[in-house]
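No value in this document is a laboratory result; all are computed from the given coordinates. The shown structure was predicted, so the numbers you read here are calculated from the model rather than taken from an experiment. Ideal geometry is used to build each Cβ from the backbone, glycine not excepted, and the neighbour counts take in all protein chains shown.
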Amino acid sequence: MKENYDVIIVGTGAAGLYCALNLPERTNILMITKQEADQSDSFLAQGGICMLRGEDDYNDYFEDTMRAGHYENDKKAVDLMIRSSNSIIRDLLQRNVTFARTPDGELDFTREGAHSQPRILFYEDVTGKQITQTLLGEALTRENIEICEYMTMVDLISRDNICGGIIVMDEQNNVYPIRSPHVVLACGGLGGLYKNSTNFPHIAGDGLGIAMKHQVELEHLDYIQIHPTTLYSRKPGRRFLISESVRGEGALLYDKNGQRFTEELQPRDLLSQAIFAQMEKDDTEFVWEDMRPLGEDTILKHFPNIFKRCMEEGFDPRKEPIPVVPAQHYFMGGIKVDLGSRTSMKGLYACGETSCNGVHGANRLASNSLLESLVFAGRAAKSITENPGKVDETMVEKLDLNKYEDLDKLREEYKKLVLDEIERVKEARKGEEV
């Protein structure tokens, strides 16, 4: 690891990797991640990635996204994402990402909740892993991209609202300043702050807390999505997702008496509310999801990973319903960015779940997250390429690195900043509604 880089990217998920791969190969790039490079939430995405099915689908896709987001979405951002989808998919195919095909070799599409028609490309039930592993594999072959694992960002380097790099801590608790005129925050959401979450526990909103410390503008911190169906377990740790695609293919939800109680394909927030209400009515900790209507062939071929995990938990979805419960899943708010993924601080960019570009509004439409991450990661790379800068070496002259020695204390400080702000925003929104 060197002292100076052209670009620093914090995070090795789909957004961070795609940003790096879209920068010119002459660009000297550092990517850092807290754990191993494949321990990002992008690897956990099951359902798929949306693609506009032609001009006839535009109005429906736009309306589906807006309706799911309670019409609080940024229309320009939604339009940009949808219009960019075909070029993103073509690029992924050129990078050797594999998607499911029909028997005659055409791309296969599935449907998920709140979509008016099938427009979701997928690979079994591990689409995120297929895309992100392919991007990671390509990044590892690039001589201009250096990936440092077990490296934690503990602060930004900034002066006069201009970003000049980051401060990192390695596994041995050594602290280093690393300079760069461009820093991209692609460090994921905040699931690690919650008891029940589908996210990796180390992805806990640190980047948001650090941004807040530097008065970087944030938006909609209270827009936190609950996924309606995760596999119920008494074991601690990350909750296993039962993909929306399962319901899109025909799975049904039952109460404790084996009776349907709601419409399975409504938006996630509404379905989660219906499940919570049924759990309270039944005095249970879960409801039942029945995959049997899909048939054994679809279960084994389209959802092999879900089938395997259910069997490990003692449930055979070919023969019986499985217990499911809502859990924190996705963060629609984040660091506010424009259509070029630029934040309110010069030289600082954000993309992926840690950013808020307005695409999702108050609630994300299923399988828009991977597409949104890639579109706006590409936009960040374009913004950086069009505005190359130089390292300001004077920014680190008076840094006191001793204050970063206690990582646990720092994390608690950032956690408190984020949770307090979420509560403040919630209370402010309640006041506006009264």
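Longest span of the chain, sites excluded, free of trypsin sites (Lys or Arg not before Pro) in DSSP loop with at most 10 other C-beta atoms within 10 Å? Within the chain, the longest run free of exposed trypsin sites (Lys or Arg not before Pro) spans 27-194.
Take every pair of alpha-carbon atoms less than 8 Å apart whose residues are at least six positions apart; their mean separation over the length of the range 284-372 yields a relative contact order of 23 percent.
Counting neighbouring Cβ atoms within 10 Å and putting the fewest first, the residues 284, 229 line up as 284, 229. Can you give the angle from 0 to 90° between the axis of helix 127-141 and the longest principal axis of the chain, with both taken from C-alpha atoms, to the nearest 10? For 127-141 against the chain, the angle is about 30 degrees. Normalised size of the chain, defined as Cα radius of gyration per 2.2 N^0.38 Å with N residues, equals 0.97.
Backbone amide hydrogens, once placed in the peptide plane, bring residue 154 within less than 5 Å of 167, 168, 169, excluding anything fewer than 5 places away on its chain.
Legend: distances between Cα atoms for 2/403; 301/336; 129/256; 129/301; 336/415; 75/415; pairs beyond 28 Å are 301/336; 129/256; 75/415. Whole-Hz Karplus values for the range 37-48 come out as 4, 9, 9, 10, 5, 4, 5, 8, 4, 9, x, x Hz, taken residue by residue from phi with 6.51 cos²θ - 1.76 cosθ + 1.60 and θ = phi - 60°; glycine and proline positions read x. Between helix 407-433 and the chain there is an angle of about 60 degrees, using the helix long axis and the longest principal axis of the Cα atoms. Based on the Kirkwood approach, the hydrodynamic radius assigned to the range 342-434 is 17.1 Å, with every pair of different Cα atoms included.
Rank these for me by crowding, 243, 84, 344, going from fewest to most other beta carbons within 10 Å. Write out the running numbers ahead of the final one.
On the way: 243 27, 84 19, 344 16.
With the sparsest Cβ surroundings first, the list reads 344, 84, 243.
Entry note, the chain: the mean residue ellipticity at 222 nm calculated from DSSP H runs of n ≥ 4, each adding -39500 (n - 2.57), is -10500 deg cm²/dmol after division by the residues and rounding to the nearest 500. Inter-label distance, residue 67 to residue 219: 2.4 nm, where each label sits 7 Å from its Cα along the C-beta direction.
In sequence order, the range 346-356 has phi-based couplings of 4, x, 10, 10, 8, 8, x, 5, 6, 9, 9 Hz under the Karplus curve 6.51 cos²θ - 1.76 cosθ + 1.60, θ = phi - 60°, and Gly or Pro positions carry x. Rounded to the nearest Hz, the phi-derived 3J(HN,Hα) couplings of the range 389-404 under the Karplus curve 6.51 cos²θ - 1.76 cosθ + 1.60 (θ = phi - 60°) are x, 10, 5, 9, 5, 6, 5, 9, 5, 10, 6, 9, 7, 5, 6, 9, where x marks glycine and proline. For the chain, the longest principal axis of the Cα atoms and the long axis of helix 268-282 meet at an angle of about 60 degrees.
In terms of other Cβ atoms within 10 Å, 396, 7 run from fewest to most in the order 396, 7. Treating r as the C-beta distance of residue 4 and residue 160 and R0 as 22 Å, the FRET efficiency rounds to 0.65.
Loop-resident GluC sites (Glu not before Pro) (DSSP state other than H, G, I, E or B) in the range 368-434 with no more than 15 further Cβ atoms inside 10 Å of their Cβ: 397, 405. Among the GluC sites (Glu not before Pro) in the range 1-66, those located in a DSSP loop and surrounded by at most 14 other Cβ atoms within 10 Å of their own Cβ are 3, 25, 36.
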